[in-house]
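Written below as structure tokens is the structure these notes are about.
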Amino acid sequence: MKPLQIVFPSRADPESPLIDLDLHLPLLCFRPEKVLQILTCLLTEQRIVFFSSNWALLPLVAECFLAYLRPLQWQHTFVPVLSHQMLDFVMAPTTFLMGCHLDHFEEVSKEADGLILINIDNGSVTCSTDKDVDVPDIPLLAAQTFIQRVQSLQLHHELDLAHLGTSTDLNEGRTRRRAWQQRLNCQVQQVALHLLFSIFREVKNHLNYEHRVFNSEEFLKTRAPGDQQFYRQVLDTYMFHSFLKARLSGRMDAFAQMDLHMQSEEDRFNGMLASPRRPTIEKMASRKSSPLHIAHRRMVVSMPNLQDITIPELPARNSSLRKVDASECSSGSTVLSVTPKPTYTFKIPEIHFPLVSQCVQAYYSDCVALLSKAMSLLAPDSSVLLARYFYLRGAVHLMHGQLLDALLDFQSLYKTDIRIFPADLVRRMVGSLSGPQRAQAERVPELRRLISEVVDKPGEAPKPDDRVKNFELPRKHMQLDDFVKRVQESGIVKDTSIIHRLFEALTVGHQKQIDPETFKDFYNCWKEAEAEAQEVSLPLSVMEHLDKNECVYKLSSSVKTNHGVGKIAMTQKRLFLLTEGRPGYVEISTFRNIEEVRSTTVAFLLLRIPTLKIKMASKKEVFEANLKTECDLWHLMVKEMWAGKKLADDHKDPQYIQQALTHVLLMDAVVGTLQSSGAVYAASKLSYFDKMKSEMPLTVPKTTSETLKHRINPSAGETFPHAVDVLLYTPGHLDPAEKVEDAHPKLWCALNEGKVTVFDASSWTIYQHCFKVGTSKLNCMVMAEQNQVWVGSEDSVIYIINIHSMSCNKQLTDHRSSVTDLVVQNGTPSKVYSCSRDGTILAWNVSTLRVTSRFQLPGGRLSSISLHDGCLWCCTGNSIVVVTSNGLLCQELKISENVGDICTSFLSLQLLPEQEQLWAACAGFNSIYVWSLKDLTQRPQAVHLQDCSEVSCMITVKQQIWVGGTGLSQGKSKGKIYVIDAERKTVEKELVAHMDTVKALCSAEDRYVLSGSGGGEGKIAIWKVE
């Protein structure tokens, strides 16, 4: 028998199957328009039968179409080839995909109704009855783009070879053919994925991840009328339901990867906004007032459960089962250039006959030897391929009966790529071990941990209900908790504290519960305001005065002002008058420039007309508008926006203006809902920032304001703020594996319960929303080499994140207690030292992920480690221990002998080699202690931190020590930062950093310091280093 080969095709999505097909076959058999019709039939889950006179084509073409659907998966019966005796299967009433010989075409078409009959030989798609099956069209823009891309593909190998010289080497010809097919397969997969992405990209905007809700009605209203029938049918399918479950579960499949890479700067900026979205001026300018767009906008007005909106007439489109005219589609678009990833080949040794036991055992031994040799030749960064080799060698060891060797390979696989770790197989292997074998395995630390992970520890309990729910209006009265849940499910607001204020507004003067009619009225008012905002169209002469990212959030009715008659418009930045007659722009004021806002009345004949007066700081003239019945509401809204802008400027935090916008829009909806004399008073319950400004006029200290550059919120879009446990800044570098924008510097934020959010540090916009790294609190993060971030967790695991894919596929499980610190030692090879609370220190080879040394410090309570002069400085609570890289004790600094209080303990330390100083913080003390590295026996010098009640973190930046903790400011407990001059040992600055304690600090290239706060605020502040 000739040597066999195992080929490892690269896959971006490990959950997708290996593709060993010629994916362009359907494109040779069908015109692009027919391919779209067939994909529509699959997406709407029709009863489909393929026909061909060539039996081999039936499974090949069917499998290709199912591959086009990835990551969506066909959920129903699939029988690629039906014999004559099985033809009655096509009478089944359920959804299916089957294949028959062309000889049975007439018989099947006459006997069964409602079938989609696809003739591969002549490229036709028909129905089995005279009455057309209701198969809608794929969305027009997506269809046109798909046709253009397919037409640009080079589907014929001979044409691709025409420019090459003739070769007489058959092996060279086969190699060229394989390379061409692999490249073409990648292009076809990308074209199909782009089609699905363009169809379903905006689904994520209507998902509520917290409550696993999809607002299908709202999603449908955002679709063009000509596309609605398609979406209405697809949304009811099992396939789409599974797709939704994958989105809500955060699966990083090919669709999610494309979504990540296709995000624009605006998408990332919008991900940080707490306020509802509106069309920006830039989008207004680019919009075309086509009949399709006008109809699209009108459809947004409809509400859920209301079916009285008439769909406007649009130009007729071709039915899916009739001939599609391709002349409407220009062929200017070219196919995406896709470079296929390399394919690795492993040659299995030749099999010797006869297949007696001795020969088989020898064959297994040869396999293990070849796999071991292949692994030894791998480059250090080939962890993906290494994981596959571990899997193969473990399987061979298992077949060979060498269970302990198999377990060792699977344990190495667990560390290298957890995505392909066969947990069930390993669990069964452990269960089959004999007593002596189990005892032998338990004596190996790595296997003991593996066994505890897969056997002794119970698996992660599945969620009791992972169904995707559709949003529905409530049918019974709601108390506060139920109201919060309903509002979050609706997608109106997520912030729990804002919803509490809304609840107070809607229940003023009533029993503290919301009835279904009130909720429905409020929901409709909100959606009507959304629809009106979508319909706002400003003249170009007006848009020229506005920033491209401004949005019009509110328009008044036509009113008389001292600048003429017109409508007052509110954006997130300013108020302006849209004059009537010949539309014009009159600037009223930016919110920053407002000095006073008053609601008063002016006399007109015998009447007193409610009037809004706005005084600006830069103008003597006061703006007046006779807003009549709208006056009190606009007075509330303008004051709230003014207060929000003042807070945003003082605290360098744009989130304040976004929250103010949310309050303003909710005020408008509350007034529209209640429509009573007390409606404005009820809406005033949402004037949160205006009350804060008048009741607590707290000023930001001058030093804090001058040092503070900006604030960002990693909890944006969450229901409540999360504590920032760890911060890590990674510098930008251009890597061939990355796009240019992906090579920007990044800020990594560890939040509670294993959540990690990543910011683009060049623009401070969200690069990657929360993804999970375990389920426990994260304690430390470092960057190892240029493509890995190592994260130490409270659950004793070190998680390794790939910075290109933003996925965590490697776990190091050698610690037995919480991993408290990580430190990198650069060199060849580079090392990472990790420590855990029980006093264990491990040294890791970054390339192989193997432990190169291990030692234990007595006493435990190990909280941090630092590298200096080839030694490890370890903070162990009651002492600071200096050890060599092999664990030999060099020095020990005991707290009882230096600080004089045996009840305290060391919290953290910083080493300043140039000054030859050791800085340490102690629990319960409001001072930082400084020792000379020349003589640690001398008593330390204390640097007093005024008004400090607790120290939580400390870093070194240039010649400064930045200390974060909790202290008093204006009589209240706040998160504070103390900046200490290392030479003079004096506090240079005292910064009021956060509303909650400062939990984390990190430096960004010694130019900025970033601080993260506790769960009471959950924000990150960016400070200038001087």
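Please calculate the 1.4 Å probe accessible area of LEU25, with all protein chains present, and give it to the nearest 10 Å².
Approximately 40 Å² for this residue.
Per-residue ellipticity at 222 nm for the chain, helices alone: DSSP H runs ≥ 4 residues times -39500 (n - 2.57), over residue total, nearest 500 deg cm²/dmol?
-9500 deg cm²/dmol
Could you tell me whether the range 532-695 comes out rounded, prolate or oblate from its Cα gyration tensor? Rule is a ≥ b ≥ c as square roots of the eigenvalues, rounded for a/c under 1.5, then prolate if a/b exceeds b/c, otherwise oblate.
Note, shape of the range 532-695 comes out rounded.
Could you pull out which residues in the range 66-107 have an amide N less than 18 Å from a spot 7 Å beyond the Cα of THR126, following the Cα-Cβ vector?
99-107
Relative contact order for the chain: what percent, with Cα pairs under 8 Å and sequence separation of 6 or more?
Once divided by the residue count of the chain, the mean separation gives 8 percent.
How many angstrom lie between the Cα centre of the range 608-626 and the Cα centre of the range 685-728?
Between the Cα centre of the range 608-626 and that of the range 685-728, the gap is 30 Å.
Determine the share of the range 532-695's accessible area contributed by carbon and sulfur atoms, expressed in whole percent, with a 1.4 angstrom probe.
The nonpolar share, carbon plus sulfur, comes to 51 percent.
Roughly how many Å² of SER357 are accessible to a 1.4 Å probe, to the nearest 10?
90
According to the square roots a ≥ b ≥ c of the eigenvalues of the Cα gyration tensor, what is the shape class of the range 357-456, taking rounded for a/c under 1.5, prolate for a/b larger than b/c otherwise, and oblate for the remainder?
On the way: a/c = 2.03, a/b = 1.16, b/c = 1.75.
Taking the square roots of the gyration eigenvalues as a ≥ b ≥ c, the range 357-456 is oblate.
Assuming 0.36 nm per residue, please report the length gained on full extension of the stretch GLU595 to THR828 beyond their Cα-Cα distance.
Going from the current span to full extension adds 77.6 nm.
Between LEU170 and LEU473, what is 0.36 nm times their sequence separation minus the Cα-Cα distance? Round to one decimal in nm.
Values: separation 303, 0.36 × 303 = 109.08 nm, distance 6.79 nm.
Taking LEU170 through LEU473 to full extension adds about 102.3 nm, to one decimal.
State the antiparallel share, in %, of DSSP beta bridges confined to the chain, rounding to the nearest 5.
Taking every DSSP beta bridge within the chain, about 90 percent pair in antiparallel fashion.
Whenever you get a sec, line up TRP55, TRP790 from highest to lowest accessible area (probe 1.4 Å, protein heavy atoms). Don't skip to the answer; put the middle values down first.
Details: TRP55 115, TRP790 0 Å².
Sorted descending by solvent-accessible area, the residues read TRP55, TRP790.
Once you place label points 7 Å from the Cα toward the Cβ at GLN959 and LEU155, how far apart are they in nm?
Simple spin-label model gives 7.2 nm for this pair.
Taking the simple approach of a point 7 Å from Cα along Cα-to-Cβ for both ASP236 and VAL508, what is their distance in nm?
4.5
Over the range 839-967, with every protein chain in place, what whole percent of the accessible area is carbon and sulfur at 1.4 Å, could you tell me?
That fraction is 45 percent.
Under a crude label model (7 Å from the Cα following the beta-carbon direction), how far is TRP180 from SER452 in nanometres?
So the label points at TRP180 and SER452 sit 5.8 nm apart.
Report in % the part of the accessible area of the range 99-225 that belongs to carbon and sulfur, leaving out ligands and nucleic acids; probe 1.4 Å. List each step's numbers first, then the result.
Values: 2890 of 6020 Å².
Summing carbon and sulfur atoms, their accessible area is 48 percent of the total for the range 99-225.
What is the distance in Å between the Cα centres of the range 498-548 and the range 832-851?
Rounded to whole Å, the Cα centres lie 54 Å apart.
First check a/c for the range 775-913, with a ≥ b ≥ c the square roots of the eigenvalues of its C-alpha gyration tensor; if it is under 1.5, answer rounded, and if not, answer prolate when a/b is larger than b/c or oblate otherwise.
Numbers: a/c = 2.11, a/b = 1.63, b/c = 1.29.
Prolate.
Calculate the dipole size of the chain relative to its Cα centre from +1 charges on Lys and Arg beta carbons and -1 charges on Asp and Glu beta carbons; express the result in debye to the nearest 20.
1360
Give me the percent relative contact order of the range 701-840, please, defined on Cα pairs under 8 angstrom at least 6 residues apart.
The value is 14 percent.
Once each part is reduced to its C-alpha centroid, what is the distance from the range 73-92 to the range 982-1017 in angstrom?
66
Of the labelled options [x] 176; [y] 232; [z] 419, which one gives volume of the Cα convex hull per residue in Å³ as computed for this structure?
Read-out from the structure maps to [y].
In a shell of Cβ-Cβ distance under 11 Å around ASP417, excluding ASP417 itself, what net charge do Lys and Arg (+1) and Asp and Glu (-1) give? Please list the in-between numbers first.
Values: positive: ARG388, LYS415, ARG419, LYS810; negative: none.
Cβ neighbours under 11 Å give a net charge of +4.
Largest first, what is the accessible-area ranking of MET637, MET252, MET262, MET399 with a 1.4 Å probe?
Largest accessible area first, the residues go MET399, MET262, MET252, MET637.
At a 1.4 Å probe radius, which order do ARG939, ARG598 fall into by accessible area, largest first?
These residues rank, largest area first, as ARG939, ARG598.
Over the chain, with the other protein chains present, what is the accessible area per residue in square angstrom, probe 1.4 angstrom?
Computed with neighbouring chains in place, this is 46 Å² per residue.
The values are calculated or read from the model by the stated rules, or taken from the named source; none is laboratory data. Keep in mind the model is a prediction, meaning the values are calculated, not measured. Heads up, the Cβs are rebuilt from the backbone with ideal geometry, glycines too, and the neighbour counts pull from every protein chain shown. Accessible surface is based on the protein model in full, side chains and every heavy atom, while ligands, DNA and RNA are left aside. Shrake-Rupley method; radii C 1.70, N 1.55, O 1.52, S 1.80 Å.
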